[in-house]
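Data first, discussion second: the structure below is written as structure tokens.
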């Protein structure tokens with residue numbers, strides 16, 4: 001039992017310089033694939049050049065750590081303890097960014113362990129999926145912003161409810177003794193459907209009188 005534990009804790013054989021450079025070069029290539037995929041699947045203010053560059057760095061750093069750890073159990077436990085004290089506070093603007101972070105880490109692990117086939121196949125499949133699904137956006141809703149005198153707030157709520165029912169979600173209601181502001185989250189397709197009619201939503205709200213302004217804001221990933 002003692003000999004088995006000592007064998008597990010025994011330091012691995014050193015890796016040649018050629019193998020180290022080969023694994024790091026593979027991690028750079030995988031990181032470049034991540035860079036291209038992120039660039040293709042993001043647009044507008046959601047896209048961050050700094051974050052995209054950091055994906056390549058994360059892949060190479062992970063591969064470097066894996067080269068150092070190798071099959072050394074004691075060293076791997078020490079690395080886990082050392083890295084566990086690092087706290088990340090960077091805000092993730094897009095939920096897809098989390099997938100890219102995991103892709104960078106897993107790609108670096110595969111390259112650092114010398115499993116190039118898994119890194120290539122896995123990256124190819126993920127690249128294809130993100131290329132197809134990466135352009136999916138939350139563009140099926142919009143914001144309806146209404147400012148008016150407070151005396152007609154009940155009438156405004158009635159008009160909005162009659163038009164959209166429970167599909168209109170009240171996000172914000174700001175009021176003063178004289179004025180009120182509503183911000184509704186409404187289905188974009190329903191708004192576009194009724195906006196072409198003669199007695200559309202805007203006409204009915206303006207017909208109430210005492211309306212200061214009405215704003216329609218398309219809710220995209222950039223401002224969601």
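The table for this structure:
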{"item": "Those residues of region 142-184 which are over 16 Å from residue 212 (Cβ atoms), surrounded by 12 or more Cβ atoms within 10 Å (Cβ to Cβ) and over 35 Å from the mean Cα position of the chain (by Cα), in sequence order", "result": "158"}
{"item": "Region 42-56, subset at pLDDT below 80 and in contact with a helix residue (DSSP H, G or I) (Cβ under 8 Å, 6 or more places away or on another chain), residue surrounded by the fewest Cβ atoms within 10 Å (Cβ to Cβ)", "result": "47"}
{"item": "Filter pass, residue 80 being within 23 Å of the chain's Cα centre (by Cα), in the same structural domain as residue 23 (by TED's automatic domain parsing), more than 21 Å from residue 28 (Cβ to Cβ) and at pLDDT below 85", "result": "no"}
{"item": "Exclusive hit being in the same structural domain as residue 15 (by TED's automatic domain parsing), at pLDDT below 90 and loosely packed, with under 15 Cβ neighbours inside 10 Å, set 116, 100, 88, 38", "result": "88"}
{"item": "Count - residues of region 185-217 that are surrounded by 12 or more Cβ atoms within 10 Å (Cβ to Cβ) and touching a helix residue (DSSP H, G or I) at 6+ places or on another chain (Cβ under 8 Å)", "result": "16"}
{"item": "Residue in region 63-72 that is at pLDDT 85 or above, surrounded by 19 or more Cβ atoms within 10 Å (Cβ to Cβ) and under 19 Å from residue 41 (Cα atoms) present", "result": "no"}
{"item": "Any chance residue 218 is part of a strand (DSSP E or B), over 36 Å from the mean Cα position of the chain (by Cα) and either at pLDDT 75 or above or not assigned by TED's automatic domain parsing to the domain that holds residue 152 (or both)", "result": "no"}
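Table: residues versus (1) in a loop (DSSP other than H, G, I, E, B); (2) in the same structural domain as residue 165 (by TED's automatic domain parsing); (3) modelled with pLDDT of 85 or more.
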residue	(1), (2), (3)
185	no, yes, yes
190	no, yes, no
193	no, yes, no
197	yes, yes, no
204	no, yes, yes
208	yes, yes, yes
213	no, yes, yes
224	yes, no, no
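The values are calculated or read from the model by the stated rules, or taken from the named source; none is laboratory data. Remember, predicted model here, so these are calculated numbers, not experimental data. Using ideal geometry, Cβ is built from the backbone for each residue, glycine included, and neighbour counts are taken over all protein chains shown.
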